[in-house]
1. Name the residue, out of 121, 146, that is farther than 27 Å from residue 88 by Cβ and in contact (Cβ under 8 Å) with a residue 12 or more places away in the chain.
2. Under 13 Å from the mean Cα position of the chain (by Cα), part of a helix (DSSP H, G or I) and closer than 21 Å to residue 139 by Cα: which single residue out of 34, 28, 70 fits that description?
3. Please verify whether the stretch 99-106 includes one or more residues that are surrounded by 13 or more Cβ atoms within 10 Å (Cβ to Cβ), over 21 Å from the mean Cα position of the chain (by Cα) and not in a helix (DSSP H, G or I).
4. Looking at this structure, is residue 133 in contact with a helix residue (DSSP H, G or I) (Cβ under 8 Å, 6 or more places away or on another chain), touching a residue at least 60 places away in the same chain (Cβ under 8 Å), part of a helix (DSSP H, G or I) and crowded, with 17+ Cβ neighbours inside 10 Å?
5. Checking the condition in contact with a helix residue (DSSP H, G or I) (Cβ under 7 Å, 6 or more places away or on another chain), assigned to a helix (DSSP H, G or I) and surrounded by fewer than 17 Cβ atoms within 10 Å (Cβ to Cβ), which residue from 165, 122, 139 passes?
6. Please count how many residues of the stretch 21-35 are out of contact with any strand residue (DSSP E or B) (no Cβ under 8 Å at 6 or more places or on another chain) and exposed (fewer than 14 other Cβ atoms within 10 Å of the Cβ).
7. When residue 175 is evaluated against the numbered criteria (1) in a helix (DSSP H, G or I); (2) under 24 Å from residue 54 (Cβ atoms), which criterion, by number, is the only one it fails?
8. Of all residues in the stretch 68-97, which are within 30 Å of residue 173 (Cβ to Cβ) and surrounded by fewer than 16 Cβ atoms within 10 Å (Cβ to Cβ)?
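Bear in mind that the values in this text are calculations on the coordinates, not laboratory data. This is a predicted model, so every value here is computed, not measured. Every residue, glycine as well, gets a Cβ built from its backbone with ideal geometry; the counts of neighbours run over all protein chains shown.
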């Protein structure tokens, strides 16, 4: 199978299960953002990530492939019967991970600036990509091209990525930089 098909040269792409849509449709935009998020997690994993965070990121990458597949497959098509579905326990598992990680951290008293260790900076970047993906999925939901479960999943994932970035800094012995505008603006 060739990697190039030339079928997208006119600005359209095929959906899983048939049908063609414009490449700038809300559905394609949504699953494209999820794909970018997945790639950003892959980059984060390459940056000296603690092993438990790396294992969690790998699991999240697998789940994001499912999110993308669900977004790329119109509901009610024959193909939709053959793809995995989003699972409510994924959100519950993320919430448990957040709660566990937060026991290692001091409570937040300020907003923090993204950065710190390479791993934390990459996780912060992934968090912002996740928020953008969430916004695109919300737009697709409004158009009837996505499911609420995908919005919930991405919302919780961005929270988890934020806490994971803080954990990466904490374990590297790097303090989060508090946002204190009055001190920096003088």
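1. Working: 146 fails: farther than 27 Å from residue 88 by Cβ.
Going through 121, 146 in turn, the sole match is 121.
2. Values: 28 fails: under 13 Å from the mean Cα position of the chain (by Cα); 70 fails: under 13 Å from the mean Cα position of the chain (by Cα).
Answer to the selection: 34.
3. Let us first name the residues in the stretch 99-106 that are surrounded by 13 or more Cβ atoms within 10 Å (Cβ to Cβ), namely 101-102, 105.
Narrowing further to those that are over 21 Å from the mean Cα position of the chain (by Cα): 105.
If we keep only those that are not in a helix (DSSP H, G or I) as well, we get 105.
Yes - at least one qualifying residue is present in the stretch 99-106.
4. Values: in contact with a helix residue (DSSP H, G or I) (Cβ under 8 Å, 6 or more places away or on another chain): yes; touching a residue at least 60 places away in the same chain (Cβ under 8 Å): yes; part of a helix (DSSP H, G or I): yes; crowded, with 17+ Cβ neighbours inside 10 Å: yes.
For residue 133, the condition - in contact with a helix residue (DSSP H, G or I) (Cβ under 8 Å, 6 or more places away or on another chain), touching a residue at least 60 places away in the same chain (Cβ under 8 Å), part of a helix (DSSP H, G or I) and crowded, with 17+ Cβ neighbours inside 10 Å - is met.
5. Details: 165 fails: surrounded by fewer than 17 Cβ atoms within 10 Å (Cβ to Cβ); 122 fails: surrounded by fewer than 17 Cβ atoms within 10 Å (Cβ to Cβ).
Just a single option satisfies the conditions, and that option is 139.
6. Kept after step one, since they are out of contact with any strand residue (DSSP E or B) (no Cβ under 8 Å at 6 or more places or on another chain), are these residues of the stretch 21-35: 24-26, 29-35.
Imposing the further condition that a residue be exposed (fewer than 14 other Cβ atoms within 10 Å of the Cβ) reduces the set to 24.
Final tally of qualifying residues: 1.
7. (1)
8. Step one: of the stretch 68-97, the residues within 30 Å of residue 173 (Cβ to Cβ) are 93-97.
Within the stretch 68-97, 95, 96 meet the criteria.
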